[in-house]
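J.: Encoded as structure tokens, here's the structure I'll be asking about.
Each reported figure results from applying straightforward, stated rules to the coordinates on display, with no laboratory input. What you see is a predicted model, and the numbers here were worked out from it, not measured in a lab. Neighbour counts run over all protein chains shown; Cβ positions are idealised from the backbone, glycine included.
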Amino acid sequence: MAETAAGQARTAGEAAEARAYGLTADDLRDWAPFSPVEIYWALKHDVTRAAAGRWAREGLRMCDTVRAIALGMTPEEVRPWAGAGFAPCDAVEARETGVPLETAAAWREAGFILPDAALLIHDGWTLKDAVNARYAGIAAEDRPAERTA
Amino acid sequence: MLSEERNRLLCETGPATPMGELLRRYWHPVAGAAEFSRQAVKAVRIMGEDLALYRDKSGNYGLVDRHCPHRRADMTYGFVEECGLRCNYHGWLFDHTGQCLHQPFEETRHPAGRFKDKVRIKAYQVQEKAGLVWAYLGPRPAPLLPDWDRFHSRGYKQVAISEVPCNWFQCQENSIDPVHFEWLHDNWSRVLRGEDGPRAPAHQRLGFDEFDYGFVYRRIREDTTENDELWTTGRVCLWPNCLYTGHFEWRVPIDDTRTLSVGWFIDELPGDMPFEQDVIPCWYAPVRDERTGRWIDSHVMNQDFIAWVGQGAIADRTKEHLGESDRGVILIRKRLLEDAEAVAAGRDPKGTIRDPGANHRVHLPIIGGLSHPAPKGGPRPFPFLAGQPEEVVKELAEAWRNCAAAASAGLTAGG
């Protein structure tokens, strides 16, 4: 008789999750340490366990892995971003929105995390305009970006 | 930070606005079913549309334009009949589809004219489920009203509704903002209680996962690990305008500067004997302390309301500074904008259910699973909203006592 998923789940909630997604104990064991919802998302998008593992080693969660694969990325493309101190998922966001690493770094320096910056860049904002808009009403000499520049 | 245009796009929900069109692809809870034992007709305003919600004498709900198409009288002063709602001004009767069924004087003077066949009132679909009345304001065919698994849990259920004077989207951003809990609820509550002890365990790490009906957010705090359910199961930002943590909190736009906070709560009861609740009570929770004129700060959701209204009637996101704690917020902004584009292109947005076979006890992640033990010694004081009516407190206590007695008798009978 097959072992129930509950036997492999770490918590009661995870056991309920596994049951709801029709996952077996074997699934949970094979896909450990992924959570049931991540396993479900992977299976739904045809991500193999091996591929999921490769992306996870680069620090990506499953929903970002699915996006990365859809964009034709390789796990190695995450490394320069992680190496530059960005969150691994930022590599996917940057690829999706066409933001180069140097641009992202400049925006980060001015205080804009990548997903925030990417939307502004997409809308046609320059970094200078974004900084000016952000500090509207604050004297130029009091603006942190100006002090560090 | 968002441009003014993006901010407007996310916040405006009136007819023909991108976000209004998106939200009109979902069912929204707009009232408690229990309200219709006290009144047959109720004025509601949803996404900027003034409407009359009623239950006729056959028990069917209808949601129609607030103004009669005849001479624009207020339909909420109309009266229900076996089928439909009749305007109190000249007696025109409309059914739940909006069809005019009767025009007394027209039919007397000119019965062959059948003027009634040429008149309709704007009408939307309505359903009752889980003690709530749900409305669908979008194009047909409507998706299915989700049958969430939690609706079927055993326990004492209640609905609490509040009107929050700010835009819906700043309320919903709160549904994917784990760090606020540490400060707005834990640390601030300690301050409010006058405690001078250590601060709440700080957040160390956040994670976000997408699933069919929204996003799961996960957190690791100083006092938890990757094996804790706050990480393994997480909480749910339920698409497009709800938070689910075992109870539901929908944020339904009344218009662009007011939001109907609709809460659905369940209290576990002792034992496992069947428990039937004839009526799920619905009550309106105050947001302002009438004595002081200040917002009420004693309960969890009231604290949320304070944060939201504090952001302004419509939060000015051109002036914000987003940090690492806001990744979830940016995630849902982006996804909503994408969904609005999908709708404009004629596609279904995220999380709509059209397959009846897939709409049976639809699972949502929940910490601890669906069955939680009842608290020992009696129900817990209601932590979410101030103003819980005494009759609800009493009814819950009675249900708890009855279930405890039945469980105890069952144990005794079973030896």
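J.: Once you average over the residues of A:119-125, how many Cβ atoms of partner chains fall within 10 Å of each Cβ?
T.: Working: counts 8, 4, 0, 2, 4, 1, 2.
For peptide A:119-125, the averaged partner shielding equals 3.
J.: If the reach is capped at under 24 angstrom between alpha carbons, list the lysines near B:Lys376, excluding any in the same chain fewer than eight residues apart.
T.: Within the straight-line limit of under 24 Å, B:Lys376 reaches these lysines: B:Lys157, B:Lys394.
J.: Let me test this: with uniform point scatterers at the alpha carbons of the range B:28-136, what is the Debye-based log₁₀ I(q)/I(0) at q = 0.15, 0.19, 0.23 1/Å?
T.: Here the Debye-derived log intensity ratios amount to -0.57, -0.88, -1.23.
J.: For the range B:114-247, take the convex hull of the Cα atoms, compute a quarter of its surface area, and give me that in nm², please. If you can, show how the numbers build up before the last one.
T.: On the way: hull surface 51.6 nm².
Hull-based average projected area comes out at 12.9 nm².
J.: Along the Cα→Cβ direction, 7 angstrom out, place labels at B:Glu395 and A:Glu102. What is the inter-label distance in nm?
T.: Between B:Glu395 and A:Glu102, the label points sit 6.7 nm apart.
J.: Right, next: Any lysines with Cα under 16 Å of the A:Lys44 Cα? List them, leaving off those in the same chain fewer than 8 positions away.
T.: B:Lys350
J.: What FRET efficiency do you get for B:Lys376 and B:Ala16 if R0 is 45 Å and r is their Cβ-Cβ distance, rounded to the nearest 0.05?
T.: Working: r = 54 Å, r/R0 = 1.20.
Efficiency, rounded to the nearest 0.05: 0.25.
J.: Let me ask something else. Each residue of the range B:190-197 in order: what ³J(HN,Hα) in whole Hz does its phi give by Karplus 6.51 cos²θ - 1.76 cosθ + 1.60, θ = phi - 60°, with x for Gly and Pro?
T.: So the J values, rounded to whole Hz, are 4, 5, 4, 7, x, 7, 10, x.
J.: Follow-up question, since we're still on this one. Semi-axes, largest first, in whole Å: what does sqrt of 5 times each Cα gyration tensor eigenvalue give for chain B? Kindly include the intermediate steps, with their values, before the conclusion.
T.: Numbers: eigenvalues 292, 161, 85 Å².
In descending order the semi-axes read 38, 28, 21 Å.
J.: Does anyone have the angle between helix B:390-413 and the longest principal axis of chain B? Alpha-carbon axes, 0 to 90°, nearest 10?
T.: 60 degrees
J.: Averaged over B:203-215, how many beta carbons belonging to a partner chain fall within 10 Å of each residue's beta carbon? Provide the component values of the computation, followed by the final result.
T.: Working: counts 0, 0, 0, 0, 5, 4, 10, 9, 10, 4, 0, 0, 2.
Whole-number average of other-chain Cβ neighbours for B:203-215 is 3.
J.: Another question about this same structure. Take the alpha carbon atoms of the range B:363-404, find their radius of gyration, then divide it by 2.2 N^0.38 Å using N residues; give the quotient. Mind dumping the intermediate values first?
T.: Values: Rg = 12.6 Å, N = 42, 2.2 N^0.38 = 9.1 Å.
Compared with the compact-globule rule of thumb, the range B:363-404 sits at 1.38.
J.: Which three semi-axes in whole Å describe the equivalent ellipsoid of the protein assembly as shown, each the square root of 5 times a Cα gyration tensor eigenvalue, listed largest first?
T.: Working: eigenvalues 339, 209, 126 Å².
So the equivalent ellipsoid measures 41, 32, 25 Å along its semi-axes.
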